């Protein structure tokens, strides 16, 4: 099930491989992962909690980020777009990517809405690539 605010895809890969797969799909669209937070390590170090492998990801396109910041400089508070990857069961990772339309809904500027629509279409193509990979990697 997809949340209304994000694209979601399950990959039959452990977390490191799934992030590499995501990185390649993003690069094909001139996007990238600009930040990573190891949630599992942070929760262990700060709270003593043992959790499944998971990372928070900052996803960005320089072209789209520039268009957004040119239209509305304070939009930097919402960038980079959020993402995450969690290996909830061994060898299976769920990736979620913030739908840029969430940002568009918070702005009155048509240029922001246009840039977010471009980003939405781009992430649709990323998710389509990931679905192809998931289908190819799925056990028969």
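Taken together, the values in this text are just the output of simple stated rules run on the coordinates, not laboratory data. Note that the structure is predicted; figures quoted are calculated from it, not measured. Positions of Cβ are generated from backbone atoms using ideal geometry, with glycine treated the same way; all protein chains shown enter the neighbour counts.
Determine if segment 53-63 includes at least one residue that is free of Cβ contacts under 8 Å to residues at least 24 places away in the same chain, within 13 Å of the chain's Cα centre (by Cα), more than 22 Å from residue 136 (Cα to Cα) and not in a helix (DSSP H, G or I).
no
Could you check segment 25-52 and list, in sequence order, the residues that are over 12 Å from residue 122 (Cβ atoms), outside any strand (DSSP E or B) and touching a residue at least 12 places away in the same chain (Cβ under 8 Å)?
Those that are over 12 Å from residue 122 (Cβ atoms), outside any strand (DSSP E or B) and touching a residue at least 12 places away in the same chain (Cβ under 8 Å): 39, 40, 51, 52.
Of all the residues that make up segment 1-30, how many are in contact with a strand residue (DSSP E or B) (Cβ under 6 Å, 6 or more places away or on another chain) and within 21 Å of residue 118 (Cβ to Cβ)?
So the answer is 8.
Just wondering, is there one or more residues in segment 91-101 that are closer than 19 Å to residue 2 by Cα, assigned to a helix (DSSP H, G or I) and out of contact with any strand residue (DSSP E or B) (no Cβ under 6 Å at 6 or more places or on another chain)?
At the first step, the residues of segment 91-101 found to be closer than 19 Å to residue 2 by Cα are 92-101.
From what is left, the residues that are assigned to a helix (DSSP H, G or I) are 101.
The next check asks that each one be out of contact with any strand residue (DSSP E or B) (no Cβ under 6 Å at 6 or more places or on another chain); those that pass are 101.
Yes - at least one qualifying residue is present in segment 91-101.
Under the condition of being in a helix (DSSP H, G or I) and crowded, with 16+ Cβ neighbours inside 10 Å, which residue from segment 64-90 is farthest from the chain's Cα centre (by Cα)?
Filtering segment 64-90 down to residues in a helix (DSSP H, G or I) leaves 64-71, 73-78.
Then keep just the ones that are crowded, with 16+ Cβ neighbours inside 10 Å; that gives 64-65, 67-68, 71, 75, 78.
Details: 64: 15, 65: 15, 67: 19, 68: 18, 71: 23, 75: 18, 78: 13 Å.
Among those residues, the one meeting the criterion is 71.
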